[in-house]
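Chemist: Pasting a structure here, questions to come.
The values are calculated or read from the model by the stated rules, or taken from the named source; none is laboratory data. Owing to the predicted nature of the structure, the values given are computational and were not obtained by experimental measurement. When we count neighbours, we look across all protein chains shown, and the Cβ atoms used for this are built from the backbone with ideal geometry, even at glycine. Heavy atoms of the whole protein, side chains included, go into the accessibility calculation; ligands, DNA and RNA do not. Shrake-Rupley method; radii C 1.70, N 1.55, O 1.52, S 1.80 Å.
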Amino acid sequence: MTGTPPGTVIQNGRAKAYRPLPAATRRRAFEAALAAYERGDFFETHELLEPAWMGTDDPAERNLHQGLIKLAAAFVHRVRGNPRGIERNLVGARERLAEATGTAAAHASGLDLAALVGAIDDRLDRLAIHPDDASIEAPVLPRSTP
């Protein structure tokens with residue numbers, strides 16, 4: 001038997017949970033997550049975005065949400081003083097956000113994903129020079145211009 005098992009989608013070659021949510025519900029979760037990120041509540045950002053990530057079967061939207069989840073997780077590790085966790089999650093965030101760049105999901109997000117990927121690269125470069133530095137700050141979420 002071939003195909004995707006019920007309740008899953010294939011993301012980056014792997015079966016992932018899929019619990020459909022209406023677009024409006026995902027958008028509200030996304031907006032709430034951005035607000036949580038901007039006030040520095042990175043754990044809450046992750047919690048708010050996870051249902052939105054699992055609630056869509058659109059690969060670009062999933063990459064956008066998961067990239068932001070990983071970005072937030074990186075700075076949960078900052079609070080914990082774990083530079084390796086910061087780096088690992090920044091690498092994952094960069095991969096997912098780069099994949100989402102230029103898509104309809106990226107455009108609808110209102111975020112400038114290319115600029116955000118550049119900000120993540122900057123932090124990864126700094127961690128490469130100072131691998132034990134857990135004080136790297138979270139990037140601002142750059143907005144795209146209409």
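Chemist: How high is the relative contact order of the stretch 99-146? Use alpha-carbon pairs under 8 Å, at least six apart in sequence, and give a whole percent.
Modeler: Relative contact order of the stretch 99-146: 49 percent.
Chemist: Sticking with this structure for a sec: Would you calculate a helix-derived [θ] at 222 nm for the chain, using -39,500 (n - 2.57) for each DSSP H run of n ≥ 4 and dividing by the full residue count, to the nearest 500?
Modeler: Taken over the chain, the calculation gives -20500 deg cm²/dmol.
Chemist: Also, quick follow-up: Taking amide H atoms as placed 1.01 Å from N in the peptide plane, list the residues 5 or more away in sequence, or in a different chain, whose amide H sits under 5 Å from that of Gln11.
Modeler: Lys16
Chemist: Let me ask something else about it. Just the accessible area per residue of the chain, please: how many Å² with a 1.4 Å probe?
Modeler: Value for the chain: 52 Å² per residue.
Chemist: Okay, next question. Of Ala24, Ala73, Pro139, whose Cα points farthest to the positive end of the dipole of the stretch 22-146 (charges on the beta-carbon: +1 Lys, Arg; -1 Asp, Glu; origin at the Cα centre)?
Modeler: Positive-end residue among those listed: Ala24.
Chemist: Let me ask something additional. How big is the shadow of the Cα convex hull of the stretch 49-122, averaged over all directions, in nm²?
Modeler: Result: 4.6 nm².
Chemist: Nearest 10 degrees is fine. How inclined is helix 23-38 to the longest principal axis of the chain, computing both from alpha carbons?
Modeler: Helix 23-38 sits roughly 10 degrees off the main axis of the chain.
Chemist: Could you order Ile10, Ile69 by accessible surface area, starting with the largest, using a probe radius of 1.4 Å?
Modeler: From most accessible down to least: Ile10, Ile69.
Chemist: For the chain, just the Cα set please: Rg and Dmax, both in angstrom.
Modeler: Just the Cα atoms of the chain yield Rg and Dmax of 15.2, 50 Å.
Chemist: Scan the chain and hand back the longest stretch that contains none of the trypsin sites (Lys or Arg not before Pro) lying in DSSP loops with at most 16 other Cβ atoms within 10 Å.
Modeler: Longest stretch, sites excluded: 81-146.
Chemist: Pull up all non-local amide H partners of Leu111: gap of 5 or more, or a different chain, and H-to-H distance under 5 Å with H placed in the peptide plane.
Modeler: Ser144
Chemist: Okay, moving on. Roughly how big is the chain's charge dipole about its Cα centre, with Cβ charges of +1 (Lys, Arg) and -1 (Asp, Glu), in debye to the nearest 20?
Modeler: 340 debye
Chemist: Moving on to the next point. Using each residue's phi in the stretch 118-128, evaluate 6.51 cos²θ - 1.76 cosθ + 1.60 at θ = phi - 60° and report the 3J(HN,Hα) Karplus result to the nearest Hz, with x for Gly and Pro.
Modeler: x, 5, 5, 4, 4, 5, 5, 4, 5, 5, 5
Chemist: Tell me, what % of the accessible area of the chain is carbon and sulfur with a 1.4 angstrom probe?
Modeler: 55 percent
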